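Worksheet: the structure to be examined is printed underneath.
The values are calculated or read from the model by the stated rules, or taken from the named source; none is laboratory data. Computed from a predicted structure; not experimentally measured. Reconstructed Cβ throughout: ideal geometry from the backbone, glycine too, with neighbour counts over all protein chains shown. Keep in mind that these areas ignore ligands, DNA and RNA; they rest on the heavy atoms of the full protein, side chains included. Shrake-Rupley method; radii C 1.70, N 1.55, O 1.52, S 1.80 Å.
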Amino acid sequence: MTVIKNIARDRILQVTAVLTIVSLFFARPRIQDINFHTLYSILAMLAIIQIFSYLHVLDVLAYKLTTSARTTRRLTAIFTFLSVISAMFLTNDITVLTLIPLYLTIAHKHHLPEILPVTLIGMGANIGAAFTPWGNPHNIFIVNTYSVTPQRFFGWSIPLLIASLILITGLLFGVKNSPISSVPLENVRISWRPTILTILVAIFFFFGVFNIVPAYVPAIIAIILAIIINPKILLHLDYALLLTFTCFFIFISDIQQVPLVIAIVRHTMFSEHSVYLTSIISSQFISNVPSTILIGKFTGFAESLFLGSNIGGFGSIIGSMANMLVFKSFAENGTVSKSRFFWIFSALQFFGLLVLTIFGWLILDFIY
């Protein structure tokens with residue numbers, strides 16, 4: 001019942017479902033337009049990250065690293081860069097849902113700043129998630145749609161990672177470098193045997209993303225592993241995300257059969273830079289996952305779509321799902337005014353968007 005309630009409450013899925021139903025009045029979906037490889041890959045990813053979450057791997061890393069923090073800036077830097085690295089493997093959503101409550105718990109005990117550190121943790125999660133094919137669900141879609149090789153993908157993501165790290169390192173200097181008392185180590189332990197098994201399944205999942213093995217094989221193995229460790233893990237999978245992708249595949253299949261829609265979309269995406277800017281701007285209004293699926297059906301400029309969709313995760317609070325989860329986590333665990341957090345968070349996000357948009361334009365011109 002909880003699973004059904006969570007699915008029903010998902011706002012993006014609600015909007016997507018309505019759009020999909022409306023699109024059925026204009027055309028009928030074609031089975032070949034539904035990217036099952038992407039759906040299988042996302043299912044495997046969701047199972048793997050929930051297993052890691054259940055095993056408290058990120059919690060242990062966070063507590064062990066923070067025991068060495070002696071200043072507010074160092075503590076923020078530890079959480080921010082841990083967020084970057086964690087999101088590369090566990091996605092930005094799981095990262096912010098884990099690290100932000102942990103940081104705020106420590107902040108309450110030691111009377112530490114909340115707004116800027118939480119904002120940087122959220123930005124770090126978006127940065128890290130952009131680096132790997134599975135860090136963001138829309139990266140999986142891009143890899144599958146354009147048959148992107150690992151070399152080609154990381155050739156795109158490394159320049160963006162470097163530019164993003166420059167941005168976030170500069171912002172870290174905005175955190176006051178005040179001394180703090182040592183952070184005690186919480187008694188959280190890792191179960192090594194299931195953790196090692198999960199890491200092996202995650203490595204196998206990598207082969208599924210890049211079509212080295214059928215994508216449904218890692219999905220089946222990941223689900224079996226979740227059942228072996230604890231069947232309740234499957235109750236926490238983000239089924240709404242899986243349904244959202246399915247609905248969008250149906251929606252896009254319908255609207256791309258409407259000549260007027262095709263003409264309008266193609267008119268806005270006539271070059272690498274137009275695809276890049278269209279992806280960034282549309283992400284601000286409909287989030288970067290649906291934006292990527294929509295644009296991806298009408299363009300061959302894969303590198304522009306990759307850059308635009310990942311940079312588009314910055315900016316508005318709906319630019320990415322992780323941004324909304326950052327605000328939700330702060331609202332539930334923070335002590336500072338929610339409205340104050342929203343305005344400062346948004347200002348820094350749009351500053352990051354502006355800086356990375358410029359960086360991305362230069363990357364398109366001189367690196368790709």
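Spin-label pair residue 18-residue 266: with each label point 7 Å from Cα along the Cα-Cβ axis, the two points sit 3.1 nm from one another. Sequence-distant contacts, meaning Cα pairs under 8 Å at least 6 residues apart, place the relative contact order of segment 279-368 at 29 percent.
A 1.4 Å probe run over the protein chains yields, for segment 15-154, 35 Å² of accessible area per residue, whole-number rounding. What a 1.4 Å probe finds exposed on segment 154-300 is 72% carbon and sulfur by accessible area, rounded to a whole percent. Just to confirm my numbers, what's the Cα centroid distance between segment 309-368 and segment 1-27 in Å? Taking the Cα centre of each part, segment 309-368 and segment 1-27 sit 25 Å apart.
Straight-line reach from residue 109: taking Cα to Cα under 24 Å and skipping same-chain neighbours fewer than 8 places apart, the lysines in range are 64, 176, 328, 338.
Just the number, please: carbon plus sulfur as a percent of the accessible area of segment 1-113, 1.4 Å probe, no ligands or DNA/RNA counted. Roughly 67 percent of what the probe reaches on segment 1-113 is carbon or sulfur.
The simple spin-label model puts a point 7 Å past each Cα toward its Cβ; for residue 351 and residue 67 those points are separated by 3.5 nm. Using the Cα gyration tensor of segment 119-194, with a ≥ b ≥ c the square roots of its eigenvalues, what is the shape: rounded (a/c below 1.5), prolate (a/b larger than b/c) or oblate (neither)? The shape class here is oblate. Taking 7 Å steps out from each Cα toward its Cβ at residue 178 and residue 5 produces label points 3.9 nm apart. For segment 247-293, the ratio of Cα radius of gyration to the globular rule of thumb 2.2 N^0.38 Å stands at 1.16.
Which shape class applies to segment 10-51: rounded if a/c is under 1.5, otherwise prolate when a/b exceeds b/c and oblate if not, where a ≥ b ≥ c are the square roots of the Cα gyration tensor eigenvalues? Cα axes put segment 10-51 in the oblate bin. Inter-part distance, segment 237-305 to segment 200-215, computed on C-alpha centroids, equals 25 Å. Relative to the Cα centre, the charge distribution of the chain, modelled as +1 at Lys and Arg Cβ and -1 at Asp and Glu Cβ, gives a dipole magnitude of about 640 debye.
Only helices enter this figure: runs of n ≥ 4 DSSP H residues, each worth -39500 (n - 2.57), summed and divided by the residues of the chain, yield -24500 deg cm²/dmol at 222 nm to the nearest 500. Among 296, 265, 173, whose Cα sits farthest toward the positive end of the charge dipole of the chain (+1 at Cβ of Lys/Arg, -1 at Cβ of Asp/Glu, about the Cα centre)? The one lying farthest along the dipole's positive direction is 173.
For the options 296, 170, 208, a Gaussian network treatment of the chain with springs between C-alpha atoms closer than 10 Å singles out 170 as fluctuating the most. Surface calculation, 1.4 Å probe, protein heavy atoms: residue 232 sits at approximately 140 Å² accessible. In plain terms, the C-alpha convex hull of segment 226-340 casts an average shadow of 10.0 nm² when viewed from every direction. Largest first and in whole Å, the equivalent-ellipsoid semi-axes of the chain read 33, 25, 19, each the square root of five times a Cα gyration tensor eigenvalue. The residues of segment 185-236 expose on average 63 square angstrom of accessible surface per residue, using a 1.4 Å probe on protein heavy atoms. The angle between the Cα long axis of helix 115-131 and the main principal axis of the chain comes to about 50°, on a 0 to 90 degree scale.
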